1. Identify, from the list G34, G51, G58, G68, the residue that is closer than 21 Å to E114 by Cβ and among the small types (G, A, S).
2. Return only the number of the condition from (1) in contact (Cβ under 8 Å) with a residue 12 or more places away in the chain; (2) open to solvent by 30 Å² or more (accessible area, probe 1.4 Å) that Y138 does not satisfy.
3. Within region 56-85, track down each residue that is farther than 15 Å from F7 by Cα and either assigned to a loop (DSSP other than H, G, I, E, B) or open to solvent by less than 50 Å² (accessible area, probe 1.4 Å) (or both).
4. When you check K40 against the structure, is it open to solvent by 80 Å² or more (accessible area, probe 1.4 Å), farther than 27 Å from E108 by Cα, in a strand (DSSP E or B) and in contact with a Leu (Cβ under 9 Å, 6 or more places away or on another chain), yes or no?
5. Could you list all residues from region 86-118 that are in a loop (DSSP other than H, G, I, E, B), hydrophobic (A, V, I, L, M, F, W, C) and surrounded by 14 or more Cβ atoms within 10 Å (Cβ to Cβ)?
6. Could you please let me know if S50 is small (G, A, S), touching a residue at least 24 places away in the same chain (Cβ under 8 Å) and in a loop (DSSP other than H, G, I, E, B)?
7. Going by what's in this entry, would G19 be described as over 13 Å from T135 (Cα atoms), modelled with pLDDT under 95 and touching a Gly at 6+ places or on another chain (Cβ under 8 Å)?
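The values are calculated or read from the model by the stated rules, or taken from the named source; none is laboratory data. All of these numbers come straight from a predicted model, not from anything done at the bench. Here the Cβ positions follow ideal geometry from the backbone for every residue, glycine too, while neighbour counts run over all protein chains shown. Quick note on the areas: whole protein, heavy atoms, side chains included, nothing else; ligands and nucleic acids left out. Shrake-Rupley method; radii C 1.70, N 1.55, O 1.52, S 1.80 Å.
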Amino acid sequence: MVAKVTFSILQENHEGPIGEDWKYWVEAKVFNHGLKGAGKIEVPKHSLPSGTTRQPPGPPAPLELAAGECGQRVKVKLTLEATEVDLFTNEVGKTDIDTYLDCPGPGEEALVREGEISVGVVESPGITGETSIITLKYRLVVACG
């Protein structure tokens, strides 16, 4: 049987002094003896003041990605790029993480894992060294069939 991974963004948070207008995207890639599925969630420019934690605007629809054969260990690579939108120069930060999940076999319950991915975005020019942190809470659900 074929497995699938569902990826969703639950919350966004901004901490730091460099701005309130943000956009970001998160790419998810699922590996199980090679790349099996990939997709991207994009959140357009919106206001996200420092100290704010909330559900992303929309909210964005979850991604359903192929994950290969059931009963196997899968790797999910998440890449986050956050952009602080300015009138003259946009500041960008990018990071990625790998998460490993044991896919259930046929007839077994889906596995749910929640986590966070964060990226620092540094004000340009880098003289001041001011940095904001964008943190996303996400959910991965891996299921057989």
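1. On the way: G34 fails: closer than 21 Å to E114 by Cβ; G51 fails: closer than 21 Å to E114 by Cβ; G68 fails: closer than 21 Å to E114 by Cβ.
When all the criteria are applied, what remains is G58.
2. For Y138, the exception is condition (2).
3. Taking region 56-85 first, the residues farther than 15 Å from F7 by Cα are 57-58, 68-73, 81-85.
Listed by number, the residues that qualify are P57, G58, G68, C70, G71, Q72, E81, A82, T83, E84, V85.
4. Working: open to solvent by 80 Å² or more (accessible area, probe 1.4 Å): yes; farther than 27 Å from E108 by Cα: yes; in a strand (DSSP E or B): yes; in contact with a Leu (Cβ under 9 Å, 6 or more places away or on another chain): yes.
Yes, satisfied.
5. Within region 86-118, the first condition is being in a loop (DSSP other than H, G, I, E, B), and the residues that meet it are 86-90, 103-110.
Subset that is hydrophobic (A, V, I, L, M, F, W, C): 87-88, 103, 110.
Residues satisfying the conditions are C103, A110.
6. Details: small (G, A, S): yes; touching a residue at least 24 places away in the same chain (Cβ under 8 Å): yes; in a loop (DSSP other than H, G, I, E, B): yes.
Answer is yes for this residue.
7. Criteria not met by G19.
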